[in-house]
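Take a look at the structure set out below.
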Amino acid sequence: MKLYDLSKSYQLFERSERVIPNGIQGPRTPRFAAFGSYPAFFVRNRGARAWDVDGNEYIDFMCSFGAVVLGYQDPAVEKAVAAQAALCNSVSIPSPVMVELAERLIGLIPQADWVIYGKNGSDVTTYATQLARVATGRSEIITAKNAYHGFHAWCSHHAQGFPPEYQAHVLEVEYNDLAALEQLVAEYRGRIAGIMLCPIRHDAMRDLEIPKPEYFAGVRKICDREGMVFMLDDIRCGFRMHLQGSAMAVGADPDVVCFGKAMGNGHPIAIAAGKQSLREPANKIYFSGTHFLAAGPMAASLACLHELEARDAIAHMNAIGAMLKAGMEERAKAEGLSLRYSGPPAIPYMLFGDDPGLANIRYFCGEAARRGIYIHPHHNWFLSAAHTEADIKQTLDVAEECFKLTRQKFAG
């Protein structure tokens, strides 16, 4: 199997490093994957595929880090965006599509009696903590240890430039551990505004973790008893586990839920949706950004939600994801390799059994990338409605070769 030439990618990356700190911002840099084996720049995409600056074609299982759920350049979504853009996009006052999308979301999401708009997940998770504090008059926010809720000062894992006081009112507890939560709540009783959790545990560089059946019911009970606000960060999982939000898949009943990524199928939009009990404190919060009310992404979201339902896209992603999981496990076993494949079918992650430094998975994913399969060694993957059985079969053919190479390199 011919390996990809990435010469143009890395020439452009060198240029980028001269004019942009680190060359590429955030986790999309090849330095966060397997440097030298991954492309640095894509020039076009369509469906489940992307092409880099060297002309190499990839089956993309990162889906713009979860922002694309129907597939790249989905015709129905792009048609809706073009129609809205012909009328207006950036506006001095809102377009009616703002109300139309809010009504659609309220009719779809059981916890939603109202919504507010942002652009990124960080916008609306931060808003949710403001809401909890205004609603309760308290300061402390609980999050799960190592959970990612964005890059804002209160939750950033990269604290350069943030005084420690910015996170002084954030408490951490182990995910999936109700006893530990009870202990923390008892220690800070009367001071906790709320708790923010994700539908599953999806920290980078570790197995994904599904909540225990009783976990979210227990969280709800504690919040009701203690007068705390339950916030669900559904930015990453939203609209891949359940059409009405991941809360429905994991038995959660949050007071406010945050969505982003997939809801615009690649167009920048995020929301927080809350219960009626939080409307009064919501009315008190100033929350605004220049592009928060752009009409195009709202039209994209309306079309995306329609298409997800019309195509039964979540069932398709679950089926395709199950096929990928079974095939990966079968081929790893054939090479005598221990595999840890975790997470829901549409949001999986894979690690090797004895790989504490993640050298094995970095090598495996790098070799896969050099053969046209774009998966990530440190971050969970994503399935989309555009992935087909043929894509999975091609992926598994490449994986078979990469498992063999990994065994030869690390197991001898």
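Bear in mind that the values in this text are calculations on the coordinates, not laboratory data. Since we're looking at a predicted model, the values are computed, not measured. Positions of Cβ are backbone-derived with ideal geometry, glycine not excepted, and every protein chain shown enters the neighbour counts.
Summary table
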{"read-out": "Cα shape, the range 37-82, gyration tensor, a/c 1.5 rule", "value": "prolate"}
{"read-out": "Highest-first arrangement of 344-352, 46-54, where packing means the average Cβ count within 10 Å", "value": "344-352, 46-54"}
{"read-out": "Reach of LYS2 by Cα under 23 Å, taken over lysines that are not fewer than 8 positions away in the same chain", "value": "LYS393, LYS404, LYS409"}
{"read-out": "Too-long pairs where the Cα-Cα distance tops 24 Å, listed order kept, from LYS212/LYS325; LYS145/LYS221; LYS79/LYS325", "value": "LYS79/LYS325"}
{"read-out": "Contour excess over end-to-end distance, with Cα ends at MET248 and ALA319 and 0.36 nm allotted per residue", "value": "23.7 nm"}
{"read-out": "Over the chain, relative contact order from alpha-carbon pairs under 8 Å, at least 6 apart, %", "value": "23 percent"}
{"read-out": "Gyration tensor over alpha-carbon atoms, the range 1-58, equivalent ellipsoid semi-axes in Å", "value": "19, 13, 11"}
{"read-out": "Mean projection area, nm², convex hull over Cα of the range 75-310", "value": "13.2 nm²"}
{"read-out": "Spatial separation of Cα centroids for the range 59-115 and the range 287-316, in angstrom", "value": "2 Å"}
{"read-out": "Shape call, the range 8-152: gyration tensor on alpha carbons, a/c limit 1.5", "value": "oblate"}
{"read-out": "Using a Förster distance of 56 Å, the FRET efficiency for MET1-ALA83 (Cβ separation, nearest 0.05)", "value": "0.85"}
